[in-house]
Structures are given as C-alpha cells and as structure tokens.
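These notes are about the structure you will find just below.
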Amino acid sequence: MQLETLLKDVKTVGLAGHQKPDGDCVGSTLAVYNYIRKYHPGIEVVLYLEPIPNIFKFLNGADEIVHDCSADRVFDLFIAMDCGDIGRLGDAAKYFETAKRTFCIDHHISNDSFADENYIFPEASSTSELVFELLDTDKITKEIAECIYLGIIHDTGVFQYSCTSAKTMNAAGILMEKGINFSKIVDDTFFEKTYEQNRIMGQALVDSVLYLDGKCIATVVTAEEMQEFQVEPKHLEGIVQQLRVTKDVEAAVFLYENGTDSFKVSLRSNGKVDVAAIAMKFGGGGHVRAAGVTMSGSSEKIVAQIVAEIESQL
Ligand code: 5GP
Ligand code: MN
C-alpha cells in the first residue's frame, strides 16, 4: 500500500490527529502534510490539530496547522492519524464524518477500524513508522524525515520501549541518512525539561505510593500543584515513564486533575498487565503497555478502581 494511490483524482484532503497532540501525532500528520504539499501542489490540503507543544514548532509546516474547525466543508479525502476512535479527533471529527472517503493510519490496539480504509498495525512502534512505510523512500525529504523521526522517538521513548522493532531501526537509519540533526531532535524534544517540569516531576515522585506489594505505583498531580509549579498538563510528559522503571513495579498509574472531579489517567505496564484493556473498560484506549483514559470522581476512588483492575490481572 502506498499513500500515492489514495491521492489519485483527489482535489481536497483533510488531515487530523488526536486531541492533545503528542510527538507521534504531530510528526505523522506533518509528514503527510509536507508530502502532499511538496509532491501534489494541485491538491488543497488542510491539517487540523489542537495547539501543539512549542518544542514541535520547528517542524516544517507547523505554522500552517489549523486549529479552528468552525467552517463547514466537505473533503474528497480525510485521513485520521494516531487516533483509535473518531471521538479522539476532537472538533475535526465533523470533517471526517462528512468526507467523501476516509482513511485511517494508526497503531492503537483499541482501534476499531472506523474509516472506509484502514492501515492499522498495533505492533508498529508509532503511526510515524507506518507513514514511513506508506511513502516512497526516495521521496522522503529532510523536512519529512524530521517529522517521521521525531514521531518515532517519542512513541518508542528513543527506541527503548518494547514496541521498537528491527523495522523501526531500519526506518530510523534511512531517515538519519536524509541529513537530519537526529541528536538535536532527541535532546530538544524528548529529554530537555524546564526547571518547572523537573520540580513537578520531583514532587510527583516524592508523593508516589506503592500498592500490591510494590507491583503497582501511583501518583497524583492536582490542579493546585500545577498552578504552584507553573506547569500545564502538556508539561507532565515523562512522569509516568519514570514511575514505570521503579524496580519490581509491573504497572504505573499517573493522574492529573483536568477538571472538577475529573482526572486524566495514564497507565504503563512492564508486560504482565494489559493496560489497554483497563483503559478501555473505563472508556479510554491505547496500547497493551501504554494507555490512557479520563475518569471522574475523587483521585482516591479512581486510584482504587485502577489498582483493583491491575490486581485482578496479576
Ligand atoms: P498517555 O498516557 O501518554 O496520555 O497515553 C498513552 C496512550 O494511550 C497513547 O497511545 C494515547 O493515544 C492513548 N490514550 C491516552 N488517553 C486516552 C484517552 O482518553 N482515550 C483513548 N482512546 N486513548 C487514550
Ligand atoms: Mn502514537
């Protein structure tokens, strides 16, 4: 399968990824956006995403992302990326619903093949790796390579998670040969943290609690703490990964307050626990080893519910 075949006889293309765009979402969608802009100047392409983190704004085309979905229009083709269900498209879902033809590129195990045509491989490291497969290698420019490489490193934790495969490394090798500054992309977008981010992570780790004889670890960041440390939800990336690498832990649970009596829950597993199944049970989704959901109630009640689910799998 090649992206090219989809673009035949198409005049307008809409693209979108999930709400609260992460590296893979931004990288995969911008890669496709830049590809169409470069090789199909006759096609009108619009990329809809919620505002993206500043660290991703160096990517080519980032300043052309459209955040406003108020206009009504019908696209010849709409491509949803890194999204397990229509709801995760947020406001852009309406363009997906009205498009003449829909396509989905994704790697979430919870994806129920909601488009007309689907390119879904849960074993793939990232949606960006799937975009790499859909493009002719010779047509991947340095700008496109930066997008795909960034997406891959974010969803693999710089090639550390088990979703990393020989295919991932081969793709990364080819992308490195496109002249990208790969170490700068890794340092500036993955490892670098602001002082405030390090401090809130420190607080979250100090506050963490072990459950199930040390097999589960959980911590909560409240809205008050985010205000105190001057951070936003998007700055909390990395905390759950740090919890996961605690010795003897099988599953890590991270909550942050995202509304009145509402918490965003991030789940990570070291293999024994299927956290996608737990997230899906409460209306979320994700992967076997990394999943998420938004839940309502007190943080104590939510942690208790999640810990009970983890216990039943151990
Ligand atoms: P994170 O914990 O980093 O926010 O997300 C981990 C994985 O779970 C990602 O692949 C993400 O797409 C998925 N995920 C996170 N939150 C939600 C959610 O509320 N709903 C669904 N369907 N998937 C989620
Ligand atoms: Mn992804």
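The values are calculated or read from the model by the stated rules, or taken from the named source; none is laboratory data. What you see is a predicted model; the values in this text were computed from it and never measured. Here Cβ is always computed from backbone atoms with ideal geometry, including for glycine, and neighbour counts include all displayed protein chains. Ligands, DNA and RNA are stripped out before the accessible areas are found, and what is left, the full protein with its side chains, is counted by its heavy atoms. Shrake-Rupley method; radii C 1.70, N 1.55, O 1.52, S 1.80 Å.
Between the helical axis of 299-313 and the longest alpha-carbon principal axis of the chain there is an angle of about 80 degrees.
Across all Cα pairs in the range 158-314, the calculated P(r) in 5 Å bins from zero up to the longest distance comes to 2, 9, 17, 19, 19, 14, 10, 6, 3, 1, 0 percent per bin. The sum of -39500 (n - 2.57) across all DSSP H runs of n ≥ 4, divided by the residue count of the chain, sets its helix-only mean residue ellipticity at 222 nm to -10000 deg cm²/dmol. Scaled against 2.2 N^0.38 Å for its residue count N, the alpha carbon radius of gyration of the range 260-314 is 1.03.
Dimensions of the range 51-128 along the principal axes, based on C-alpha atoms and rounded to the nearest Å, stand at 31, 30, 19, largest first.
When only Cα pairs below 8 angstrom with a gap of at least 6 residues are kept, the chain shows a relative contact order of 13 percent.
Against the chain, whose longest principal axis is taken from its Cα atoms, helix 23-39 shows a tilt of about 0°. Counting only DSSP beta bridges with both residues in the chain, the antiparallel share comes to about 45 percent. Straight Cα distances below 18 angstrom link LYS301 to the lysines LYS264, LYS281, with same-chain residues fewer than 8 positions distant left out. Working note: Cα gyration tensor of the range 86-207, eigenvalues times five, square-rooted, sorted largest first, giving semi-axes of 27, 22, 14 Å. Subtracting the Cα-Cα distance of ASP261 and ASP116 from 0.36 nm times their residue separation leaves 48.5 nm of extension gain.
Phi angles across the range 166-171 convert, under the Karplus curve 6.51 cos²θ - 1.76 cosθ + 1.60 with θ = phi - 60°, into 3J(HN,Hα) values of 4, 4, 4, 5, 4, 4 Hz, Gly and Pro given as x.
Loop-resident trypsin sites (Lys or Arg not before Pro) (DSSP state other than H, G, I, E or B) in the range 19-97 with no more than 15 further Cβ atoms inside 10 Å of their Cβ: LYS57, ARG73. Taking all Cα pairs closer than 8 Å and separated by 6 or more residues, the relative contact order of the range 101-258 comes to 15 percent.
Only lysines eight or more places from LYS272 in sequence, or on another chain, were considered; those with a Cα closer than 17 Å are LYS215, LYS247.
With the Cα gyration tensor of the chain giving a ≥ b ≥ c as the square roots of its eigenvalues, does the rule (a/c under 1.5 for rounded; else a/b larger than b/c for prolate; else oblate) give rounded, prolate or oblate? Prolate, because a/c is 1.5 or more and a/b exceeds b/c. On a 0 to 90° scale, report how tilted helix 195-206 is relative to the longest principal axis of the chain, with both axes built from alpha carbons and the result rounded to the nearest 10. So the helix axis and the longest Cα principal axis differ by about 40 degrees.
The apolar share of the surface of the chain, taken as the fraction of accessible area on carbon and sulfur atoms (1.4 Å probe, ligands and nucleic acids excluded), comes to 48 percent.
Using the Cβ-Cβ distance between VAL74 and THR141 with R0 set to 22 Å, the FRET efficiency from 1/(1 + (r/R0)^6) comes to roughly 0.15. Based on protein heavy atoms only, the chain ends up with 45 Å² per residue of surface accessible to a 1.4 Å probe.
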